1. Determine, yes or no, whether GLU333 is within 18 Å of GLU144 (Cα to Cα), out of contact with any Cys (no Cβ under 6 Å at 6 or more places or on another chain), part of a strand (DSSP E or B) and among the acidic types (Asp, Glu).
2. Pull up the range 106-130, narrow it to residues that are part of a helix (DSSP H, G or I), in contact with an Asp or Glu (Cβ under 9 Å, 6 or more places away or on another chain) and open to solvent by 10 Å² or more (accessible area, probe 1.4 Å), then point me to the one that is nearest to ILE288 (Cα to Cα).
3. What number of residues in the range 131-159 are open to solvent by less than 30 Å² (accessible area, probe 1.4 Å) and closer than 17 Å to ASP289 by Cβ?
4. Name the residue, out of ASP241, ASP230, that is acidic (Asp, Glu), closer than 26 Å to ASP289 by Cβ and either open to solvent by less than 50 Å² (accessible area, probe 1.4 Å) or at pLDDT 95 or above (or both).
5. Looking at the range 293-315 only, could you name the residues that are more than 30 Å from ALA54 (Cα to Cα), out of contact with any Cys (no Cβ under 6 Å at 6 or more places or on another chain) and touching a residue at least 12 places away in the same chain (Cβ under 8 Å)?
6. Pick from the range 172-193 the residues that are touching a strand residue (DSSP E or B) at 6+ places or on another chain (Cβ under 8 Å) and free of Cβ contacts under 8 Å to residues at least 40 places away in the same chain: which of them is farthest from LEU104 (Cα to Cα)?
7. Taking the condition of being touching a residue at least 40 places away in the same chain (Cβ under 8 Å), part of a helix (DSSP H, G or I) and open to solvent by 60 Å² or more (accessible area, probe 1.4 Å), how many residues in the range 63-102 meet it?
Amino acid sequence: MMNKIRRYVKILVGYDRIEKKNWEKRNPYLNTEYANGYIFNENEPVITIFSEIAQEHANYIKACIEMQQNYEVLNPAEPNWISKVRNSASPAFLIWPTIYKPILKQFWDERIYTLKFQLKKNIFPSFDVLWLYESKRKTLNWLEVNDLPHPKTMVFFTKNEAIDFINTITFPIVSKTDQGASASGVYILKTMSQAKAKINKAFKKGITLKNKGLNDRHQGYIIFQEFLPDCNEWRIIRVGDSYFCRFKIRVGEFHSGSGDIEWAKPPQVLLDMTREISEKFEIPNINIDYFETTDGRFLINEVHALWGGKVIHDPELEGRYLYDKEKNEWTFEKGDFFKNRCANLRIEWVRNNWLNKKN
């Protein structure tokens, strides 16, 4: 009962207003000497960290402190953010956007486009993967254009086309919103009446995400994806030369949002696929979630620039995979390389590629 009350309070009052205090707990550097930047060595370059509403950028701050890396913190929501970027001598800008409603996706897309193509700045993660991040429509287009395997997915921008489509299918089917982490915008529709109700909502008031605010609506489109029963879901991550594998445990009807994820030994084909994709598109920081179907296919479900950081300590499976090009083989190295949700590895990549500072 208390969980239901909390959920309705979030919906009525607004997700970000309710979560503000919890988010601030993520950043132990607020109101300290480290909050806005720190210089460890006057002769070394300074990297810029963009702050954001959910305080996830604290991972970068912690990593910089651990690695004795000079940094400054800049708020991209300030009206004069462009002049601050122009006046910065930073060779790299680290970004960690929190996106849980359409206006935030629009905000961050504006910022990364301006940084990359108009201000000509180095941003990390790279532009392409940030552009895809938390947009199922953009990701679908990218997967289709590049002939990458993925579940059959359709996007409709008119109500009549959506109705015509559901009249031709066999249920169940999955509906999704463009944004929505942890399955907050995912619904499994089991009947024609449920599908029609979801379409009517999408093209009238709009669809709200689970546990989010009433004003955060997805309106004027609907996404349908084929329902894949009893599939497994693997998460393969690459940051620089380090690869990680986590297995999403299904709870109820969903893998995403279940909160249960563990270290796992991946099928080699997934390591190979992730390496090939990241190399081909020059994306050194990427998270790809794969469905493993009951008939043995691997399909890309989502592509992410950043990812969750549930702490899991498994001395046998915790570690990273490394690829040896000369031997054409993978090796596993045990250890805590995932710290600060891979922020340390991102800074290491930036140092090696843009700061010319070998670790």
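The values are calculated or read from the model by the stated rules, or taken from the named source; none is laboratory data. None of these values were measured; they are calculated from a predicted model. Neighbour counts run over all protein chains shown; Cβ positions are idealised from the backbone, glycine included. Note: accessible area is taken over every heavy atom of the protein model, side chains too, but ligands, DNA and RNA are not part of it. Shrake-Rupley method; radii C 1.70, N 1.55, O 1.52, S 1.80 Å.
1. For GLU333, the condition - within 18 Å of GLU144 (Cα to Cα), out of contact with any Cys (no Cβ under 6 Å at 6 or more places or on another chain), part of a strand (DSSP E or B) and among the acidic types (Asp, Glu) - is not met.
2. Across the range 106-130, the extreme among qualifying residues is ASP128.
3. The total comes to 10.
4. It is ASP241.
5. THR294, ARG297, PHE298, LEU299, PRO315
6. Only one residue fits best here, namely LEU189.
7. Here the count works out to 1.
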